Structures are given as structure tokens and as C-alpha cells.
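Notes to accompany the following structure.
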Number of protein chains: 2
Amino acid sequence: MRLTLIGAGPGDPELITLKGIHALRSADVVLYDALVNEALLEYAPPVAERVFVGKRRGSKSYEQEEINAMIVLLARQFGHVVRLKGGDPFVFGRGMEEMRHAQEHGIETAYIPGISSAIAAPGLAGIPVTLRGASRSFWTMTATTDTGELNPEIATAAATDATLVLLMGLSKIGEIAAIYAGLGKNDLPVAVIQDASLPTQTVVTGCVRDIESRAHQWHPIRPAVVVIGGVAGSEFAELKN
Amino acid sequence: MRLTLIGAGPGDPELITLKGIHALRSADVVLYDALVNEALLEYAPPVAERVFVGKRRGSKSYEQEEINAMIVLLARQFGHVVRLKGGDPFVFGRGMEEMRHAQEHGIETAYIPGISSAIAAPGLAGIPVTLRGASRSFWTMTATTDTGELNPEIATAAATDATLVLLMGLSKIGEIAAIYAGLGKNDLPVAVIQDASLPTQTVVTGCVRDIESRAHQWHPIRPAVVVIGGVAGSEFAELKN
């Protein structure tokens with residue numbers, strides 16, 4: 001009776017760790033999210049149950065409490081529950097909530113880190129989150145709060161020299177750019193990366209002044225990572241848009 | 001004639017990606033750092049050259065410029081150079097400098113992300129860098145600047161609500177705690193994780209007030225990750241000290 005929380009990485013099925021694959025091979029049940037590449041389910045034994053618990057447009061998604069309860073029930077019924085989450089389970093993944101709930105119900109837990117798109121999405125677009133002479137730090141957050149408001153920490157971050165990495169930032173790109181513009185940072189480079197690591201990866205680069213119009217053509221269906229800072233102006237950033 | 005920059009992860013040889021292993025299998029030369037687990041070199045073909053370019057105490061380490069030049073020479077002589085770096089190559093890894101230098105010399109480059117200890121070291125100690133109700137963001141930096149001074153961004157970060165993740169922070173732990181104490185944050189939780197993911201992993205937890213004395217017993221030889229913020233007070237953090 002155990003739960004293994006695994007980071008599935010940003011999307012490319014080869015960006016899972018060897019340790020993650022080994023855990024999948026001993027799964028009795030796999031619970032997976034919408035952002036997880038379903039090719040990874042092939043590593044689980046054929047008899048293992050595969051349960052989709054992610055959000056899909058137009059259909060009701062599971063509440064966190066339902067997922068927590070399901071993990072406990074399934075662990076008791078089947079044994080080894082593997083929870084596959086996109087990116088890393090502890091980066092805005094609510095992984096710790098699932099882990100704690102399982103522990104409170106006497107279930108042994110393990111965590112296997114994953115490649116977070118916070119670092120990999122910029123990297124795969126040719127943008128290092130840190131670079132000597134351009135950035136000594138990076139600050140990662142979601143663009144919105146739980147209630148859908150603009151994250152107030154963005155205004156704090158905009159006043160610093162940190163590279164800002166925003167997950168799920170595309171729908172608020174205009175408001176975010178306005179904050180930077182208000183600080184006189186109109187020429188600060190900005191990049192938006194969608195579908196990082198997948199064959200459909202797309203990158204738009206610009207600066208605070210023009211990123212909204214450049215990214216305007218995009219339909220913000222798929223999650224995107226927004227990077228703001230000198231590093232996003234790297235001449236090596238891919239220009240695939 | 002190509003260069004593949006691979007993130008080797010935090011230390012556990014199973015925390016490399018499948019993609020990283022595939023690239024290693026086609027290496028003609030592997031250049032690796034001190035923080036890379038040498039078990040990973042087994043994936044390279046037996047005939048591949050293995051070149052250690054890291055720092056070791058008591059011996060001169062290679063300058064960045066020497067490594068850059070070596071990559072170009074070896075790619076021309078042997079073909080596929082694999083550069084294995086601890087963690088992720090773009091998180092304080094100077095990976096982009098090597099990549100640019102290679103590109104400027106006509107060498108094709110690729111980047112394969114790795115598990116960064118910025119996220120995985122806290123996670124493996126039971127500390128999620130983000131947690132609903134405790135932290136909506138995390139800010140990652142090194143404790144010192146290139147010249148060995150305390151990173152001035154620490155003071156900026158201490159005034160925010162971000163989880164602060166400091167790489168190589170143990171030697172400055174007293175000065176760092178003093179900054180937080182000066183802001184009245186004496187009871188803010190702090191954790192120090194050394195040798196994350198290895199059998200020798202050690203975790204010390206405390207708060208701003210007492211972390212220096214708690215971590216004092218440690219010899220700061222191996223790199224440590226310092227986490228400061230509410231999430232470090234998680235009741236699930238391992239107490240192995």
C-alpha cells in the first residue's frame with residue numbers, strides 16, 4: 001500500500017527520469033493529469049489500471065478532494081498507486097496535498113522529481129534562466145491566483161532584477177506587460193513558449209512594449225510559459241513563430 | 001560535429017532523463033563536472049573518451065575558457081561531444097556560455113534539461129517549493145556573487161513572500177539569517193539539504209533564529225541547498241540530523 005508521486009516532465013516522453021520509469025513498471029494503478037504525455041502509460045504493466053483525473057475542456061474535472069480520496073481507496077484496493085503529474089509534482093502541482101492526505105491514511109509515500117517547465121521550457125527555447133552578466137536569479141510563479149486574479153507578486157518581481165518565469169501566463173500577458181511598462185521597462189525582453197519539448201513547440205519573442213501584440217495571434221488553449229528578463233533577449237532564442 | 005549539453009540531475013544516477021541516456025549512448029567524448037555521478041559514464045560507449053573538467057579541492061580546475069576551447073577541439077576531432085553537468089545546465093551552470101561558444105565555431109548544439117536541485121533537493125527532503133496557503137512562488141539564486149560576496153538579491157528576496165532557494169548557501173548561513181532577522185522574521189522556517197538524492201542525504205531544519213547553530217556541526221564541503229519560507233516548516237520534512 002503505497003503512493004509514488006512522479007514528475008512526468010514538460011511533455012516529451014523521453015524527459016522522464018529513469019527512476020520514474022522504474023516506478024511506473026511496478027504500478028498497480030496510474031493516475032494521470034491532462035498535461036502528462038499518454039505515451040508514458042506504456043511503461044506501466046498491461047494489467048495496471050489507468051485513471052485520467054485531469055481537466056478537459058467542456059467536461060467536469062475532479063476536485064482535489066476527490067483525487068485525494070481516490071488515491072487512498074485505490075492504494076488499499078490495488079497496492080501501488082503511481083501518480084503521474086506534468087512537470088514536477090511540487091511546482092504548483094498540489095503534489096504535497098496528495099502526499100499528506102495519503103500519509104494521514106497510513107500510506108507510504110515517495111516522490112520522484114520531474115523536469116519542470118519553469119526551467120526546461122525557457123531552456124528548450126534557447127533561454128537560460130540564469131546567465132552571467134544578464135541574470136543572477138530566477139523567480140517562478142503562476143500568473144493568476146486560485147481565484148483567477150493577477151498574482152500580486154508579479155508587481156513585486158517586476159521591480160527586481162530576477163528573471164521572472166510565469167507559468168500559465170499567456171492569458172494575462174497584457175496586464176503583466178503593463179506592470180513592467182509602468183516601471184519604465186518597455187524594452188525588457190519577453191518570450192512566450194507554448195508546448196515546450198513537443199513537436200508543436202512554439203516560441204514568440206519580443207519585449208514588454210510589443211509582446212501582447214506579438215502573442216495576440218495565439219489561442220491560449222495550451223499552457224504557456226512566459227519569461228521576462230534580459231536572458232529572454234538571447235540571440236539564440238528560437239524564432240519559430 | 002556536435003555538442004549535447006545534458007543535465008545530469010542532483011546526484012542519484014537514476015535521476016537522469018531517458019533522453020540524456022540516449023544522447024550519452026552516442027557520445028564520442030564525455031566532459032563531466034565534479035557534481036556528476038560517475039555511474040552515468042557507464043552509458044557512454046566503452047571507446048568514448050571521458051574527460052573530467054570539474055573542480056577538486058587542492059588541484060587546479062579548468063577555466064571556463066579552457067572548457068569552451070576543449071569542446072570545440074574535441075568536437076572537431078571526435079564528432080559528438082556530450083557535456084554532462086550536475087543539475088540542469090542552465091541553472092547557474094554556465095551551460096549557455098559553452099553552447100554559444102560552440103555555435104560561434106560552427107558546432108551544432110542541443111540541450112537536454114536535467115533535474116535541478118533547486119526544486120528536487122527541497123522536494124526530496126519533504127519540502128514543496130510551492131504549497132497552497134504557504135507559498136505561491138519560489139525564487140532561486142546562489143548565495144554568493146562571482147567575487148564571493150553575499151548576493152545582494154538575498155536582501156530583496158527576504159522582504160518578499162517568495163520561498164527562497166539558495167544554492168551553495170551553507171557557508172553564508174549566518175549572514176543570510178541575519179538579513180531575515182533584521183526584518184523581524186526570526187521564526188521563519190529554514191532547511192538545509194546536503195547531498196540531495198544520494199544515500200548520504202542530510203537535512204537540518206530550524207528557523208531563522210537557530211539555523212546557524214543547528215547547521216554549525218556541518219562541514220560545508222559538499223554543496224548544500226538552503227530553503228527559507230513557510231514551506232520549510234512542513235511537518236513532513238525529514239529530520240535526519
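The values are calculated or read from the model by the stated rules, or taken from the named source; none is laboratory data. As the structure is a prediction and not an experimental result, all values here were calculated from the model. With ideal geometry, Cβ positions are generated from the backbone for all residues, glycine too; neighbour counts draw on all protein chains shown. Surface areas here come from the heavy atoms of the whole protein model, side chains and all, with no ligands, DNA or RNA. Shrake-Rupley method; radii C 1.70, N 1.55, O 1.52, S 1.80 Å.
Couple of notes before you dig in:
- In the stretch A:202-216, of all residues being in contact (Cβ under 8 Å) with a residue 12 or more places away in the chain and in a loop (DSSP other than H, G, I, E, B), the one that is farthest from residue A:165 (Cα to Cα) corresponds to A:209.
- For the stretch A:6-55, filtering for residues that are within 15 Å of the chain's Cα centre (by Cα), aliphatic (A, V, I, L, M) and within 10 Å of chain B (Cβ to nearest Cβ) leaves 2.
- Only one of A:125, A:102 that is out of contact with any Cys (no Cβ under 8 Å at 6 or more places or on another chain), closer than 20 Å to residue B:112 by Cα and crowded, with 17+ Cβ neighbours inside 10 Å: A:125
- All of (1) more than 13 Å from residue A:120 (Cβ to Cβ); (2) more than 7 Å from chain A (Cβ to nearest Cβ) hold for residue B:112 with one exception: (1).
- Residues that are free of Cβ contacts under 8 Å to residues at least 60 places away in the same chain, closer than 15 Å to residue B:81 by Cα and part of a loop (DSSP other than H, G, I, E, B) within the stretch B:1-55 comprise B:26, B:27, B:28, B:33, B:44, B:45, B:46, B:47, B:48, B:53, listed in sequence order.
- Lone qualifier among B:57, B:25, B:94 - being on the phi < 0 side of the Ramachandran plot and at pLDDT below 95: B:57
- Residues (of a type in the set (Gly, Ala, Ser) and open to solvent by less than 10 Å² (accessible area, probe 1.4 Å)) located in the stretch A:88-99: A:95
- Flag if residue B:135 is at the interface with chain A (Cβ under 7 Å from one of its Cβ atoms) and closer than 30 Å to residue B:177 by Cα: no
- When the stretch A:130-151 is filtered for residues that are in contact (Cβ under 8 Å) with a residue 60 or more places away in the chain and of a type in the set (A, V, I, L, M), the ones remaining, listed by number, are A:131, A:134, A:143.
- Odd one out for residue A:68, checked against (1) within 14 Å of chain B (Cβ to nearest Cβ); (2) closer than 30 Å to residue A:130 by Cβ; (3) open to solvent by less than 40 Å² (accessible area, probe 1.4 Å): (2)
- If you go through the stretch A:159-192 and pick out every residue that is of a type in the set (A, V, I, L, M), under 18 Å from residue A:129 (Cβ atoms) and surrounded by fewer than 24 Cβ atoms within 10 Å (Cβ to Cβ), you end up with 3.
- Total residues in the stretch B:194-234, condition under 22 Å from residue B:132 (Cβ atoms) and out of contact with any Gly (no Cβ under 8 Å at 6 or more places or on another chain): 7
- If you check A:144, A:130, A:156, A:140 for being open to solvent by 20 Å² or more (accessible area, probe 1.4 Å) and either facing chain B (nearest Cβ under 7 Å) or among the aromatic types (Phe, Trp, Tyr) (or both), only one passes: A:156.
For (1) away from chain B (no Cβ under 14 Å); (2) at pLDDT below 90; (3) under 30 Å from residue B:107 (Cβ atoms), each residue gets a yes or a no:
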{"site": "A:160", "(1), (2), (3)": "no, no, no"}
{"site": "A:163", "(1), (2), (3)": "no, no, yes"}
{"site": "A:174", "(1), (2), (3)": "yes, no, no"}
{"site": "A:178", "(1), (2), (3)": "yes, no, no"}
{"site": "A:206", "(1), (2), (3)": "yes, no, yes"}
{"site": "A:222", "(1), (2), (3)": "yes, yes, no"}
{"site": "A:231", "(1), (2), (3)": "no, no, yes"}
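- Against the conditions (1) more than 8 Å from chain A (Cβ to nearest Cβ); (2) touching a helix residue (DSSP H, G or I) at 6+ places or on another chain (Cβ under 8 Å), residue B:125 satisfies every one except (2).
- Taking the listed residues B:193, B:154, B:179, the one that is of a type in the set (Val, Ile, Thr) and in contact (Cβ under 8 Å) with a residue 60 or more places away in the chain is B:193, with no other qualifying.
- Residue check for residue B:199: touching a residue at least 40 places away in the same chain (Cβ under 8 Å), open to solvent by 20 Å² or more (accessible area, probe 1.4 Å) and either over 19 Å from residue A:137 (Cα atoms) or of a type in the set (S, T, N, Q) (or both): no
- Residue in the stretch A:181-189 that is within 18 Å of the chain's Cα centre (by Cα) and not β-branched (Val, Ile, Thr) present: no
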